[in-house]
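Any read-out appearing in this document is the output of simple, stated calculations on the displayed coordinates, not a laboratory observation. Since we're looking at a predicted model, the values are computed, not measured.
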Amino acid sequence: MDKLRRVLSGQDDEEQGLTSQVLDASSLSFNTRLKWFAICFVCGIFFSMLGTGLLWLPGGIKLFAVFYTLGNLSALASTCFLMGPLKQLKKMFETTRLLATIIMLLCLVLTLCAALWWHKKGLALLFCILQFLSMTWYSLSYIPYARDAVMKCCSSLLS
């Protein structure tokens with residue numbers, strides 16, 4: 001609660017620290033990193049949408065799983081251009097998002113296993129859904145109080 005008060009009152013200097021950390025993250029210029037972030041993120045969205053379109057083709061579950069997973073990996077890797085790969089890994093495995101990270105990475109691997117080696121279409125689709133949900137939960141961990149808001153909305157809908 002104190003952090004929220006500092007942010008709302010304009011006393012939080014963490015933003016400047018984050019900006020300087022981002023600028024010092026690599027030898028690339030800020031504009032270059034921003035461009036590559038956008039390119040990777042757009043490619044991730046494109047691959048995910050392409051995979052979804054390929055789902056409806058005969059035997060398209062394998063292509064769907066590969067392109068959807070590739071899209072999620074590309075979108076996830078895009079943030080490496082903003083904060084650098086080491087900081088990205090450190091943030092991914094912080095205690096607040098450790099479980100979401102493990103589930104997300106596990107679902108990425110299990111999606112490919114189910115589609116390419118086990119040949120279980122239903123299981124591959126289930127893992128893609130779990131992959132989407134875990135990526136969403138992981139992404140929400142970067143927004144202050146977003147997970148709490150989602151949990152309260154879901155609990156009010158269920159009751």
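Remarks
- Using distinct alpha-carbon pairs, which all enter the 1/r mean, Kirkwood radius of region 30-141 in Å: 14.4 Å
- Partner lysines for K152 [C-alpha distance under 26 Å; skip if fewer than 8 residues away on the same chain]: K3, K91
- Candidate lysines - alpha carbon under 20 Å from K120, same-chain residues fewer than 8 apart omitted: K62
- Using the Karplus relation 6.51 cos²θ - 1.76 cosθ + 1.60 with θ = phi - 60°, the per-residue 3J(HN,Hα) values for region 74-81 come to 5, 5, 5, 5, 4, 6, 4, 6 Hz, with x marking Gly and Pro.
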